[in-house]
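J.: Mind looking over this structure? Questions follow.
Derivation of every value follows stated rules applied to the coordinates shown; laboratory data play no part. From a predicted model like this one, the values you see are computed outputs, not experimental measurements. Note that we place each Cβ from the backbone using ideal geometry, even for glycine, and neighbour counts take in every protein chain shown.
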Amino acid sequence: MPELPEVETICRSLEPKIIGHRIEKIAVFNDKTIKSPSPQLFAASLQGEEITGLDRWGKYLIIEIGSSLVLVVHLRMTGRLLFVDAGDSVSKYARVIFYLDQGKELHFHDVRKFGTMHMVKRQQLDDFPPFQVLGYDALDQRLNLSVFMDMLKGRRGQVKGLLLNQSFIAGIGNIYANEILWKSGIQPQRTADSLNFREQERLYQAMRDIIELAIKHHGTTLRDYVDGDGNRGEFQNMLSVHGREGEPCLSCGERVVKIKQGGRGTYFCPSCQD
Ligand SMILES: [Zn+2]
């Protein structure tokens, strides 16, 4: 699933291209992609409107339309947003196509069909239910070390699960949670309330460092992810533990271990992480 660095990379690749384009027509090939309103009203409301901005919160893409509408997109497992020339071949996995002016198109491509789109009035965005329970974005400036430490207070769950909890911090998924915990030297089954001051600080710094480094390398492509131009990420070549079961730890040479936590694969170094 695309996590914060992948969604941010998509944002950065699309932003200079789609802003200023007018939506001439919309074709919805999979009704279930459009969560609200109805696909008919969705298409009718957006037709003729201009794309005015692009933003992100956690794993959500926020496309600003005209002055009063917002399109909230979640890519889930396999969603892609691709900016292409009109007349380029259309994949059978294209679920929604936005036909833009100046001979351009934006394709929402989604093999597994779990991706979603909501059209929301801009002034009602704060009331959009998924946003009401979403935590600070992992890169939010307001999320400084002292705020992070305050948020950890009273949390008794395992630290890996907490990093994945989007209402705690938005944007981190399984790959980056594994990498962040390795970089901070924290065993993933530790409970949040067992972390001392130094460990909390290391966790915070590793979160910022790993995410920024992954964005710099255009995210991680293990299977499906590509940016708005169809380019793969490069961070899969820089993963320290994720997907490296049995291979030597890059820091100490001990073999990387894989366990299951909450149904997800957790990779860690039993020597560096305690
Ligand atoms: Zn190690």
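J.: Per 0.36 nm of contour for each residue apart, how much would the distance between residue 193 and residue 86 grow if the chain were fully extended, relative to their Cα-Cα spacing? Let's see the in-between values first.
T.: On the way: separation 107, 0.36 × 107 = 38.52 nm, distance 5.42 nm.
Length gained, residue 193 through residue 86: 33.1 nm.
J.: I would also like to ask the following. List the relative contact order of the chain as a percent without decimals, with contacts defined as Cα pairs under 8 Å and 6+ residues apart. All intermediate terms of the calculation are to be shown ahead of the outcome.
T.: On the way: 551 pairs, mean separation 52.2, N = 274.
Here the relative contact order equals 19 percent.
J.: If you build the convex hull over the alpha carbons only and average its shadow over all orientations, what do you get for the chain? Give it in nm² to one decimal. Mind dumping the intermediate values first?
T.: Details: hull surface 57.9 nm².
Dividing the Cα hull surface by four gives the mean projection, 14.5 nm².
J.: Also, I was wondering about something else. Note down the nm distance, to one decimal, between modelled labels 7 Å out along Cα→Cβ at residue 30 and at residue 77.
T.: According to this spin-label approximation, the distance is 1.0 nm.
J.: In whole angstrom, how long is each semi-axis of the equivalent ellipsoid of segment 39-175, when you take the square root of 5 times every eigenvalue of its Cα gyration tensor and sort them from largest down?
T.: On the way: eigenvalues 214, 63, 31 Å².
Semi-axes, largest first: 33, 18, 12 Å.
J.: Restricting things to Cα coordinates, could you compute the convex hull volume per residue of segment 124-174 in Å³? Please list the in-between numbers first.
T.: Values: hull volume 4.7 nm³, N = 51.
Spelled out: Cα convex hull of segment 124-174, divided by residues, is 92 Å³.
J.: For helix 197-216, report the angle its Cα long axis makes with the longest principal axis of the Cα atoms of the chain; keep it between 0 and 90° and round to the nearest 10°.
T.: 40
J.: If you stretched the chain out fully between residue 55 and residue 142, how much longer would it get, using 0.36 nm times the residue separation minus the C-alpha to C-alpha distance? All intermediate terms of the calculation are to be shown ahead of the outcome.
T.: Working: separation 87, 0.36 × 87 = 31.32 nm, distance 1.68 nm.
The span from residue 55 to residue 142 would gain 29.6 nm if fully extended.
J.: Taking the Cα centre of segment 4-132 as origin, work out the dipole magnitude from +1 charges on Lys and Arg Cβ and -1 charges on Asp and Glu Cβ, in debye rounded to 20.
T.: Working: 17 positive and 16 negative charges, 99 e Å.
In debye, rounded to 20, segment 4-132 gives about 480.
J.: So if each residue of separation counts as 0.36 nm, and I subtract the Cα-Cα distance between residue 131 and residue 212, what length gain in nm does that give? Please report the intermediate quantities before stating the final value.
T.: On the way: separation 81, 0.36 × 81 = 29.16 nm, distance 2.31 nm.
Here the segment from residue 131 to residue 212 would lengthen by 26.8 nm.
J.: At what distance in nm do the modelled label points of residue 260 and residue 112 sit from each other, each positioned 7 Å from its Cα along Cα→Cβ?
T.: 1.7
J.: Let me ask another. Going 7 Å from the Cα of residue 252 toward and past its Cβ, which residues in segment 160-191 have a backbone nitrogen under 13 Å from where you end up?
T.: 182-188
J.: Given charges of +1 on the Cβ of Lys and Arg and -1 on the Cβ of Asp and Glu, with all other atoms neutral, how large is the dipole of the chain about its Cα centre, in debye to the nearest 20? Show your work: numbers first, answer last.
T.: Working: 35 positive and 34 negative charges, 180 e Å.
Value, rounded to 20: 860 debye.
J.: Then there's this: Name the residue farthest towards the positive end of the dipole of the chain from the options 165, 116, 263, assuming +1 on Cβ of Lys and Arg, -1 on Cβ of Asp and Glu, about the Cα centre.
T.: Checked the options; the winner is 263.
J.: Can you give me the convex hull volume of the Cα atoms of segment 136-268, divided per residue and expressed in Å³? Each step should come with its number before you reach the end.
T.: Details: hull volume 15.0 nm³, N = 133.
Output value, Cα hull per residue: 113 Å³.
J.: Using a Förster radius of 45 Å, what is the FRET efficiency between residue 68 and residue 237 based on their Cβ-Cβ separation? Nearest 0.05, please. Don't skip to the answer; put the middle values down first.
T.: Details: r = 43 Å, r/R0 = 0.96.
The formula returns an efficiency of 0.55 here.
J.: Can you work out ³J(HN,Hα) from phi for every residue in segment 145-152, in order, using Karplus 6.51 cos²θ - 1.76 cosθ + 1.60 and θ = phi - 60°, giving whole Hz and x for Gly and Pro?
T.: Once θ is set to phi - 60°, the couplings for segment 145-152 become 4, 6, 5, 4, 5, 4, 5, 6 Hz.
J.: Taking 27 Å as the cut-off for C-alpha to C-alpha distance, list the pairs among 59/92; 32/160; 17/183; 121/160 that go past it. Present the calculation step by step, with values, prior to reporting the outcome.
T.: Details: 59/92 25 Å; 32/160 32 Å; 17/183 35 Å; 121/160 35 Å.
In this structure, 32/160; 17/183; 121/160 lie more than 27 Å apart at Cα.
J.: Counting helices only, and only those DSSP H runs with n ≥ 4, report the 222 nm mean residue ellipticity of the chain as the sum of -39,500 (n - 2.57) divided by its residues, in deg cm²/dmol to the nearest 500.
T.: Working: 7 runs with 72 residues, N = 274.
Calculated at 222 nm, the ellipticity per residue is -8000 deg cm²/dmol.
J.: Tell me which residues come under 5 Å, amide H to amide H, from residue 77 once H is placed; ignore anything under 5 positions away on its chain.
T.: Residues meeting the amide H criterion: 114, 115.
J.: By how many degrees, 0 to 90 and rounded to 10, does the Cα axis of helix 174-184 deviate from the longest principal axis of the chain?
T.: So the inclination is approximately 40 degrees.
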